[in-house]
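Here's the structure we're looking at; comments come further down.
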Amino acid sequence: MPNNTLVIKDGKITDNLWKIVSEDHSDLTQDGIILPYSLWLANQNELSQRVSEGKIGLLLEGDHNLQEQNEGIADFALIAINFPGFMDGRGFSVARLLRERYGFTGELRASGGVIRDQLCYLQRCGFSSFDLDADINIEAAVESLNDFSEGYQISVDLPTPLFRRRA
Amino acid sequence: MYQYDPYDHQIITQRIAQFRGQTERYLSGELKAEEFLPLRLQNGLYVQRLAPMLRINVPYGMINSTQLRRLARITRDYDKGYAHITTRQNIQLNWPDLADVPDILAELAEVEMHATQSSGNCIRNTTSDQLAGVAVEEEIDPRPYCEIIRQWSTLHPEFAFLPRKFKIAVTGSNSDRAAINVHDIGLRVIKNEQGEIGFRVIVGGGLGRTPVIGSLVREFLPEKDLLTYLDAILRVYNLLGRRDNKYKARIKILVKALGVEKFAELVEAEWAHLANGEATLTQTEIDRCKNFFTEPAYVTIDDNAAQAEVDAIAADNIAFEKWLSRNLCGHKVPGYAAVVLALKPTGVAPGDVTDRQLEIIADLADKYSFGEARTTHDQNIVLAEVKKSELFSLWQEAKAAGFATPNIGTLTDVICCPGGDFCSLANAKSIPIAEAIQRRFDDMDYVYDLGDIDLNISGCMNACGHHHVGHIGILGVDKKGKEFYQIQLGGDSSENTALGKVLGPAFGETEIPDIIAGILNVFVENRHDGEQFVETYNRIGLAPYKERAYAK
Ligand code: SF4
């Protein structure tokens, strides 16, 4: 998990206010921690208040079965999706499902193995923040968000397909 | 043919700018090789055994004379003056410089061509019937739908990093020239009883290491639902397809693992959320795309008179008559024919064309076929709209340019991948095998007598030469560092799709022509009147061929 001090959020470089913790993390009273789904599930009752206050984030893996495990998901202020490697494209679908089907409107963060050249696609799939691998030049990377200004398909940031917009 | 509007131009221009930046970052050492790899693949650039290879999309095989001339120029300016037609209707350059590729892409974009997603783990160029729009028995022209799919698949943000490559083929005919049963998705455009247009959807076919014939997932999908349904299939695959083993990552493995019923159930459940959403096709969009594929300005011709004229010339000219008998396809409009320009004279790697030949094809297309041509998956070129009255003059010009080998559909019209001469994945060479067979069977009368035979050669199990669906398939294998060839019989890429059966242990390179001769003899000895090779095989089975091939 990168947990860099700087992240890209809403198109700008900003301080990272969040931290992904591991499954065996014990101090759940901290604010700004991003919990693996299992850890949250096990402590759901005691954490729900702080979740609704926007103080706890959730970490999902690419194989997370949203259809069966989606309860309360829209209440989080932040959901991070882990990319084990940049070739693993499952997170793109998970993101769209969160946005388009499960009503998630908070900060959606791509975390881990993604590379700069994917930012534009990730944004189109609904990601609003990026915690990239530490060796990526974040100032240069942020420009890649604007690689494309038009796309054929519907996407989270462009919910009407080009064919309905063509004059 | 489809024509770009400012949106199409803008998207492709931004794509090139993006790739130019990526190439510069790679060359300066900023972008790691393993990160550049999928990016360059998704822009068509492979690195092969000897040099990079650039695969340029020919969307569903349609190409015009301006594009052909531009390709010719590109092969001269950036390559060694020739190109290669692939088994998926695309065009490859074998020797471009990596640093030149963004410039090549920019030159292509000027003539409305691109190499986006011609390789890599993404949705590839959609392929179709080379006789789309003109085939006599065609129900519906598939090309407007191919174009709709091209746009949907181009830079699809959700599906650029799939478990593995993904290929879609579309046909509107019962005679299947697009091999829809051996694609990740095969679509047959159909009309239902109410006369509404839709698709029969087949999923999970494919060749390669584990050849599979696709399964029917939906009998009738209304045309307006095309893209939402494709989104549903791709999403199920993207989320559930295996990523731990690249040999098990194609959708065919997922469909098999789940069972087609379960797979279809998952797709339908996903689709229930997407159906009737914004991505549902509008009639305006369908009509817009259909408008690019309207009939050209045909003239009214008395077919009988035109045919009589052709027959009269053919009666005095055996060579022309032979060409007519093999290199012509029927046409739905009276007085017209579709002509196959043969790219496989003996001694030339199947599918290779020189820069000069590309220009001649462009000239012929302008003169005889409304300025358009098509690439075919059997690595030839089709001029689809030729007046019968001009066949003789076209034949003379084609002959002079080396395109008139009258062997289409015969034994020597070999489908062949680049193999060990070019491809770094190869187990064995394939081009020299094709040539050895063409040389051995150079008696055209014998070849004609044999009738229709698809002989397909792949240099390894990736099966780019489609050997599983050749009536005779040849597969290069590696035995202790030596090149050997396995033979399969009985494959079929038509609507009667079948996968070939392995004859037995592999043979050495020099044995192949004799073994093929033996197989052909078994056919000739056993065929009934009028029977084609594959029909005889289906009747008598593998055993007699095997016996002959391995007789001591
Ligand atoms: S079949 Fe194998 S050898 Fe032939 S082109 Fe494909 S990968 Fe290369």
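When N is the residue count of region B:415-549, what does its C-alpha Rg come to as a fraction of 2.2 N^0.38 Å?
0.99
To the nearest µm²/s, what D does Stokes-Einstein give for the protein assembly as shown at 25 °C and 0.890 mPa s, using the Kirkwood radius over alpha carbon pairs as Rh?
Approximately 90 µm²/s, per Stokes-Einstein.
Based on DSSP, what percent of beta bridges with both residues in region B:112-213 are antiparallel, to the nearest 5?
For region B:112-213, the DSSP antiparallel bridge percentage is about 55.
Above 19 Å lies some portion of the pair distances; for chain A, what is it as a whole percent of all C-alpha pairs?
54
Going by Cα centres, region B:502-530 and region B:292-315 are how many Å apart?
If we compute the Cα centre of each part, the gap is 40 Å.
Calculate the dipole size of the protein assembly as shown relative to its Cα centre from +1 charges on Lys and Arg beta carbons and -1 charges on Asp and Glu beta carbons; express the result in debye to the nearest 20.
Computed about the Cα centre, the dipole is about 1160 debye.
Sort B:Tyr229, B:Tyr46 by accessible area with a 1.4 Å probe, largest first.
Ranked from most to least accessible, the order is B:Tyr46, B:Tyr229.
Which percent, to the nearest 5, of DSSP beta bridges fully inside the protein assembly as shown are antiparallel?
65
How about B:Lys399: which lysines have a C-alpha closer than 28 Å to its C-alpha, ignoring those fewer than 8 places off in the same chain?
B:Lys80, B:Lys322, B:Lys332, B:Lys344, B:Lys367, B:Lys387, B:Lys388
Show me, for region B:415-422, the HN-Hα J-couplings you get by feeding each phi into the Karplus relation (A = 6.51, B = -1.76, C = 1.60, θ = phi - 60°), rounded to Hz, glycine and proline as x.
Result, rounded to whole Hz: 8, 8, 7, x, x, x, 5, 10.
In whole angstrom, note down how far apart the Cα centers of region A:90-106 and region B:242-269 are.
Rounded to whole Å, the Cα centres lie 22 Å apart.
From the phi angles alone, apply the Karplus equation (6.51, -1.76, 1.60; θ = phi - 60°) to region A:28-40 and give each ³J(HN,Hα) in whole Hz, x where the residue is Gly or Pro.
In residue order, the calculated couplings are 8, 8, 5, 8, x, 9, 10, 9, x, 3, 4, 5, 5 Hz.
Shielding of B:269-279 by partners, i.e. mean partner chain Cβ atoms within 10 Å per residue?
That works out to 3 on average.
In whole angstrom, how far apart do the alpha carbon centroids of region A:37-86 and region B:198-217 sit?
So the two Cα centres are separated by 37 Å.
Under 14 Å Cα to Cα from A:Lys9, which aspartates and glutamates show up? Leave out anything in the same chain fewer than 8 places away.
Once the sequence-local aspartates and glutamates are set aside, what remains near A:Lys9 is A:Glu107, A:Asp131, A:Glu139, A:Glu143.
Which order do you get for A:Ser52, B:Ser494 if you rank them by accessible area with a 1.4 Å probe, largest at the top?
Putting A:Ser52, B:Ser494 in descending order of accessible area: A:Ser52, B:Ser494.
Averaged across the residues of B:474-484, what count of C-beta atoms belonging to other chains lies within 10 Å of each residue's C-beta?
Mean partner shielding for this stretch: 0.
Indicate, rounded to the nearest 5 percent, the antiparallel portion of the DSSP beta bridges found entirely in region B:398-498.
Here the antiparallel bridges make up roughly 60 percent for region B:398-498.
State which entries of B:Lys246/B:Lys479; B:Lys248/B:Lys429; A:Lys12/B:Lys32; B:Lys167/B:Lys248 exceed 19 angstrom in Cα-Cα distance in the structure shown.
B:Lys246/B:Lys479; B:Lys248/B:Lys429; A:Lys12/B:Lys32
Taking the Cα centre of region B:135-293 as the origin, how large is its charge dipole in debye, to the nearest 20, when only Lys and Arg (+1) and Asp and Glu (-1) carry charge on their Cβ atoms?
1080
Determine the calculated [θ] at 222 nm for the protein assembly as shown from helices alone, applying -39500 (n - 2.57) to every DSSP H run no shorter than 4 residues and normalising by the residue count; nearest 500 deg cm²/dmol.
Estimated from H runs of four or more residues: -10000 deg cm²/dmol.
Divide the volume of the convex hull of the Cα atoms of chain B by its number of residues and quote the answer in cubic angstrom per residue.
Hull volume normalised by residue count: 159 Å³.
What is the average number of partner chain Cβ atoms found within 10 Å of a Cβ in A:133-145?
Counting other chains' Cβ atoms within 10 Å and averaging over A:133-145 gives 1.
If packing is taken as the mean number of other Cβ atoms within 10 Å per residue, what is the order of B:520-526, B:315-321, highest first?
In descending order of packing, they fall as B:520-526, B:315-321.
What ranking, highest mean first, results for peptides B:126-132, B:332-338 when packing means the other Cβ atoms within 10 Å averaged over each residue?
B:126-132, B:332-338
Short version: ³J(HN,Hα) in whole Hz for each residue of region A:123-132, in order, from phi by Karplus 6.51 cos²θ - 1.76 cosθ + 1.60 (θ = phi - 60°), x for Gly and Pro, what are they?
Once θ is set to phi - 60°, the couplings for region A:123-132 become 4, 5, 7, x, 6, 10, 9, 9, 10, 8 Hz.
Go through A:121-128, B:4-11 and give me the packing order, highest mean Cβ count within 10 Å leading.
A:121-128, B:4-11
For chain B, can you list the cysteines whose C-beta has no other cysteine C-beta under 4.7 Å from it?
B:Cys122, B:Cys146, B:Cys289, B:Cys329, B:Cys416, B:Cys423, B:Cys460
Would you be so kind as to list the residues of region B:1-24 that have their accessible area lowered by at least 10 Å² in the full protein complex compared with their chain by itself (1.4 Å probe)?
Buried-area filter returns B:Asp5, B:Tyr7, B:Asp8, B:Gln10, B:Ile11, B:Gln14, B:Arg15, B:Gln18, B:Gln22.
Straight-line reach from B:Lys224: which lysines have Cα under 19 Å away, leaving out those fewer than 8 places along the same chain?
Within reach: B:Lys191, B:Lys290.
Take every Cα pair under 8 Å in chain B that's 6+ residues apart, average their separations, divide by the length, and report that relative contact order as a whole percent.
After rounding, I find 13 percent.
The values are calculated or read from the model by the stated rules, or taken from the named source; none is laboratory data. Keep in mind it's a predicted model, so treat the numbers as computed, not measured. Methodologically, a virtual Cβ is constructed for each residue, glycine included, from the backbone with ideal geometry; neighbour enumeration extends over all protein chains shown. To get the accessible areas, we keep the full protein, side chains included, count just its heavy atoms, and leave off ligands, DNA and RNA. Shrake-Rupley method; radii C 1.70, N 1.55, O 1.52, S 1.80 Å.
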